[in-house]
Amino acid sequence: MHKEDNSRKTFKGALTRALAVIMCISVVFGVLGLTGCNLIDNLTHGVTQKPLSEAELARLVTNAVISDANVAECYAKFPKNQLDGLSYSMFSEYCSILRKNSSEHGTPDSFRILNEEDKQSYFASIDSGDMEGFESVYTYGDMDVVELCYSKDKAPSASPVRFLLSKNDSVYSLPGQYIVDSMLAYSYINHYFEMIDDDNVDGLEAVIKSTYNSDIYLNSVIHAKAEYIADYYRLKVKTATSDYEIKLFSPTHITYVIPEVFSSDGTKIVSKTVELRLKSDGKFLVEDDIPASIKELRFSREGSASLRMGSTYTSSEIRYLLGDPIVSTHTEDQVILAYSGMTIRLDAEFEDGQWTSGRLSSVVFRKQSVFSLSEDLYIGMNISELLLVYPMFDECGYTGSFKNGDGEFTLSFEFDEYGNVSTIKLGEYVS
């Protein structure tokens, strides 16, 4: 549901209800320090505290990540002006996520502050790809990056776990807005996964609905997309949601890797990446590349015996099944037969200048006639109708392919100025 190109599945828009709930939590529990944590606030802010150094701030966050039992004590030690308005509830939840992300490595017992080169490399990984229309991590101001370390690292090759500290002149603090926005982004993408995991098609439809603003995206089309996504995860994804691996965690860019997914043809297990990006307009975009798979297609004349792509037919069989062509031409190794509204190509064998048999390699439909692929696909159908048949075709250039044992064949569509199908192509050689 992209990156608004044709190769990847993208979703964008605001998850209004979920974000509203989170914002309410933020207010209720005191992003601005109003309620819910008054006891801790009183302990923290009742006396004047000397500003903590960057290393001291990093140590407190690290200790809070080590164990949930440390969170309240660590939070209480932050001077108010170094909390940047961050509530206890948000700090606790943020540390919980860092703790979960650390579980693959083990329990952290130290930290390191990245040097300038490593820091810029990390920021570059957040602001990766084409950034036009997307928010940059640099909008959150000057920050340093702290990496958790493990004396007994169980997975040294796994993605490092990092958090940030704000810099304002010589004073360091927790980056309050950065953390709150990270939690919003984390909640959004995990809500997407939860709707899929629960097979909640209506809920998933609500998540992706604002992605599609064009008139072609009828409610029925968006619902078909949600069903397709849910079916894909149910049939192709082996990994449980709890085992998805978060590789990058920031307010503007989150990356998950799903370790075990069946490939499109079902012959092997591969990994799959799902990303969340924050757009410049404040909306989230989920980048989830979901293949637009199609079943084998055959074509026929008026519903009679169908012809199979890749199969070999004699010239007499073709005349019996399709009738005499209007025009017949050939090259050294191909014969091209033109009928009313349809043209086919066969990789042919010749005797005495006449083709005797050939392997069916492609078919092109250019107008409605007695020839057809199926009742659901026809010249003149509009894009909305096509997306009810193949919900993800708009994400991949209106193309898809299948294998039938005799080759791999690509289905593609062209449209007129009104958005109606003007050409349907199926085969190995289509142009």
Handout entry: Inter-label distance for Thr139 and Asp199, nm, one decimal - labels placed 7 Å from Cα along Cα-to-Cβ
Key = 3.9 nm
Practice task
Work out the FRET efficiency for Ala158 and Glu349 from their Cβ-Cβ distance, taking R0 = 51 Å, and round it to the nearest 0.05.
Solution key: 0.35
Completion exercise
Expressed in nanometres to one decimal, the distance between label points 7 Å along Cα→Cβ at Ser96 and Gln120 is 3.8 nm
Problem - Average Cα contact separation per residue, segment 331-430, under 8 Å, 6 or more apart, as relative contact order % - result: 24 percent
Completion exercise
At R0 = 22 Å the Cβ-Cβ FRET efficiency linking Asp243 and Asp281, nearest 0.05, sits at 0.10
Completion exercise
Between Ser214 and Ser151, the FRET efficiency computed from the C-beta separation at R0 = 56 Å comes out, to the nearest 0.05, as 0.55
Practice task
Just order 393-400, 308-315 by mean Cβ neighbour count inside 10 Å, highest at the front, would you?
Solution key: 393-400, 308-315
Handout entry: Mean separation of Cα contacts under 8 Å (6+ apart) over length of segment 47-93, as relative contact order %
Key = 38 percent
Exercise for the section: Please give the solvent-accessible surface of Arg59 in Å², to the nearest 10, using a probe radius of 1.4 Å with every protein chain present. Expected result: 110 Å²
Exercise for the section: Please give the length that would be gained between Phe415 and Ser53 if that part of the chain were fully extended, namely 0.36 nm times their separation in residues minus their C-alpha to C-alpha distance (nm, one decimal). Expected result: 124.0 nm
Exercise for the section: Report the full-extension gain for the segment Lys80 to Val270: residue separation times 0.36 nm, less the Cα-Cα distance, to one decimal in nm. Expected result: 63.6 nm
Completion exercise
Of the listed pairs Lys268/Lys403; Lys154/Lys247; Lys225/Lys247; Lys225/Lys295, those with alpha carbons more than 19 Å apart are Lys225/Lys247
Problem - Solvent-accessible area per residue for the chain (1.4 angstrom probe, square angstrom) - result: 48 Å²
Handout entry: Helical mean residue ellipticity (222 nm; -39500 (n - 2.57) per DSSP H run of 4+; nearest 500) of the chain
Key = -9000 deg cm²/dmol
Handout entry: Glu132 versus Arg112: modelled label distance in nm, points set 7 Å from Cα along the beta carbon direction
Key = 3.8 nm
Exercise for the section: Would you tell me the accessible area of Val370, worked out with a 1.4 angstrom probe on the heavy atoms of the protein chains, in Å² to the nearest 10? Expected result: 60 Å²
Fill in the blank from the handout: If the chain between Phe262 and Thr314 were fully extended at 0.36 nm per residue, the gain over the current Cα-Cα distance would be 14.9 nm
Practice task
Quick one: check the C-alpha center-to-center distance for segment 186-207 versus segment 383-415, whole angstrom.
Solution key: 26 Å
Problem - Apportionment of accessible area to carbon and sulfur, segment 289-388, percent (1.4 Å) - result: 45 percent
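The values are calculated or read from the model by the stated rules, or taken from the named source; none is laboratory data. Predicted model only: the values in this text are computed from it and were never measured. For neighbour counting, all protein chains shown are included, and Cβ atoms are generated from backbone atoms with ideal geometry for every residue, glycine included. For the accessible areas, the whole protein counts, side chains as well, though only heavy atoms, and no ligand, DNA or RNA atoms are used. Shrake-Rupley method; radii C 1.70, N 1.55, O 1.52, S 1.80 Å.
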